[in-house]
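The values are calculated or read from the model by the stated rules, or taken from the named source; none is laboratory data. Predicted model, so just to flag it, every value in this text is computed and none were measured. Every residue, glycine among them, receives a Cβ derived from its backbone with ideal geometry; neighbour counts consider all protein chains shown. Surface areas here come from the heavy atoms of the whole protein model, side chains and all, with no ligands, DNA or RNA. Shrake-Rupley method; radii C 1.70, N 1.55, O 1.52, S 1.80 Å.
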Amino acid sequence: MAAPSQARPYWSDNTARRGGRGCGGLDGPGSRRHKGRVKPASLAPLVVLICSAATHGTEFAAKLPNADRIRPYAANPRYWQYRGQPVLLLGGSKDDNLFQIPDLEAHLDEMQAAGANYIRNTMSDRPDKGFEVYPFFRREEGKYDLERWNPEYWRRFARMLEATFARDIVVQIEVWDRFDYARENWEKHPYNPANNVNYTYEQSGFAPRYPDHPGANKQPFFFTTPDQRHNPVVFRYQQRFVDEMLRHTLPYPHVLYCMDNETSGDPAWGAFWARHIRQRAGAAGVDVFLTEMWDEWNLRAPQHRHTFDHPELYDFADVSQNNHQKGQTHWDNFQWVREYLAPRPRPINTVKTYGADTGRYGTTRDGLERWWRHLIGGAAAVRFHRPDSGLGFSAEAAASIRAARKLAARCRLWEMAPAQELLRDREPNEAYLSARPGAAYAAYFPDGGAVGLDLRGAPGRFGLRWIRIATGDWGPTGEVRGGDWINLEAPGAGHWIATLVKEP
């Protein structure tokens, strides 16, 4: 069988440009909440942008004006804004490739009811649970044709995008997951030459098996781009897949993009796809925001500099692998990243918070502490990882999300910053503080305790309200007077949040 020729890009390259409105845009519909769910504010038709250069003459229906899309908050680019307003992204869900689950809408509804507005969606297709499907058409004899799509895969994806948009839930997509193409997953995958009619092992450069952990980087699937080994036989299908994904996602304003799941591979791979996605978005006249997720658990390691040092490629950082750390080290490493990015602040997301008694990467207590330390420490988005390695949307996770919404109702975290220097008499991992000195303070206690809080430069009265994280409920209330050090003691053992807000 002859090797297929290099496919033309799905969109024209010579018209691409970064950012801007492209074909223009007008106001689209807003939204309002009705009986716990988000309903369109108007049934008026959505604005249609005709961008023939970007879509080969098809209609590009933008759901919102470009300025209302998810983007770094103008007043504090360490956080996100959506529909023009600052937004705190909180999440926890029972799966990662959420678009594949059969009870998607019901799961989104229960998440929304708890205050969750952030999901991880890998484009993964490995059949872990039996209901997943591949994106490619399967012929009668059982082999796949990479030139044809499986409509069910993309129907599910479109359904997820529309359902999350309707509920104001932000989606962080991971384009590639290395675990899909290694070990037993590779042996049945459509990209494996044994399973498709499009190329052979010799033509593609693939092997029948890749038994090593994908971190060994022996899979040539991740070296195909023109900036690497330039394998046009395989690359054309990879690009075709990404462009089909973008055909679905670019109209939606609530999507963030991450190139890979915890990669340790060649940085040129992710950089190529980041440029490609940005170019396609520019041609369509919409802004998109991108990152890469590295596997290294130490955020100070050189691997993470490929994201931190390249804001022209990566508009935000995802530091989920910090969630393998514990206690004070976990906090200190995250604060190091905030300081490192200070010359050009960007949002820092943690879409995977490990830790559950059912998993291998820490206990339930570890998972809760990590999620809350990142939130108080200045993360723009925090999410519990799916079971078994995380708390998913368990009762503990839902309670934390409810508690965090109560916290956000009193303390605008995007106007605050970590302020450990205002604490004294603190043991390691005893308490963590975010503050807007003189106006608002939020202290997280992982397991009870008492610390001194410096209010010497903050005279006046402060309303004190505790939040019990274990249940997500309000706890004791009180009033304190500023102007001096005060003693701040948790009402009991377990996880607590103290909120102090200046009274008029």
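Ranked by solvent-accessible area (1.4 Å probe, protein heavy atoms only, all chains present), the residues Lys352, Lys143 order from largest to smallest as Lys143, Lys352. Computed with every protein chain present, the accessible area of Trp414 is close to 40 Å² [probe 1.4 Å]. Ligands, DNA and RNA are left out, and with a 1.4 angstrom probe the accessible area of the chain is 39 Å² per residue.
Taken along the Cα-to-beta-carbon direction at a fixed 7 Å, the label points for Asp168 and Glu415 span 1.8 nm. Taking every DSSP bridge with both residues inside the chain, close to 70 percent are antiparallel.
Each peptide among 170-181, 130-141, 299-310 gets the average number of other Cβ atoms lying within 10 Å of its residues, and from highest to lowest they stand as 170-181, 299-310, 130-141. Computed with a 1.4 Å probe on the full set of protein chains, the accessible area for Leu455 sits at about 0 Å².
Amide hydrogen proximity for Phe137: with H placed 1.01 Å from N in the peptide plane, the residues at 5 or more positions away or on another chain lying under 5 Å are Asp145, Arg148, Trp149, Asn150.
Listed by chain and number, the lysines whose C-alpha is less than 26 Å from the C-alpha of Lys406, apart from same-chain residues fewer than 8 away, are Lys35, Lys39, Lys94, Lys326, Lys352, Lys502. Expressed as a whole percent, the proportion of Cα-Cα pairs in the chain lying more than 30 Å apart is 49%. Taking a ≥ b ≥ c as the square roots of the eigenvalues of the Cα gyration tensor, segment 454-503 is classed as prolate, since a/c reaches at least 1.5 and a/b is larger than b/c.
Peptide packing: for 367-374, 69-76, 437-444, the average count of neighbouring Cβ atoms within 10 Å per residue gives the ranking 367-374, 437-444, 69-76, highest mean first.
On average over all directions, what projected area in square nanometres does segment 352-504 have, based on the convex hull of its Cα atoms? About 8.2 nm², averaged over all directions. Going by alpha carbons, how many degrees (0 to 90, nearest 10) lie between the helix axis of 364-377 and the longest principal axis of the chain? It is inclined by approximately 80 degrees. Along the charge dipole of segment 51-177, pointing to its positive end and built from +1/-1 on Cβ of Lys, Arg, Asp and Glu, which listed residue (His107, Asn121, Pro86) has its Cα farthest out? The one lying farthest along the dipole's positive direction is Pro86. Here the scattering of segment 267-356 is modelled by Debye summation over its C-alpha atoms, one equal scatterer each and no solvent; at q = 0.11, 0.18, 0.20, 0.23 Å⁻¹ the log10 of I(q)/I(0) is -0.33, -0.80, -0.94, -1.16.
Expressed as a whole percentage, what fraction of the accessible surface of segment 223-365 belongs to carbon and sulfur atoms when a 1.4 Å probe is rolled over the protein heavy atoms? Ligands and nucleic acids excluded, carbon and sulfur give 48 percent.
For segment 331-408, place one equal point scatterer on every Cα, skip the solvent, and apply the Debye formula. What is log10 of I(q)/I(0) at q = 0.11, 0.18, 0.21 Å⁻¹? Summing over Cα pairs of segment 331-408 leads to -0.28, -0.71, -0.90. When peptides 115-125, 200-210, 222-232 are ranked by their average number of other Cβ atoms within 10 Å per residue, the highest-first order is 115-125, 222-232, 200-210.
Within segment 413-466, the proportion of Cα pairs with more than 14 Å between them is 52 percent. The charge dipole of the chain, taken about its Cα centre with unit charges on the Cβ atoms of Lys, Arg (+1), Asp and Glu (-1) only, comes to about 1280 debye. Annotation: amide H-H contacts under 5 Å for Arg71 (H modelled 1.01 Å from N, sequence separation of 5 or more, or interchain): Gln81. Which angle between 0 and 90 degrees, to the nearest 10, do you get for helix 267-284 versus the longest principal axis of the chain when only C-alpha atoms count? Approximately 90 degrees, to the nearest 10.
Across segment 114-126, coupling constants 3J(HN,Hα) worked out from phi with the 6.51/-1.76/1.60 Karplus curve, θ = phi - 60°, read 8, x, 6, 9, 8, 10, 9, 10, 6, 7, 4, 10, 5 Hz, and Gly and Pro carry x. In segment 63-139 the Cα-Cα distances spread across 10 Å bins starting at 0 as 16, 33, 32, 16, 3, 0 percent of all pairs.
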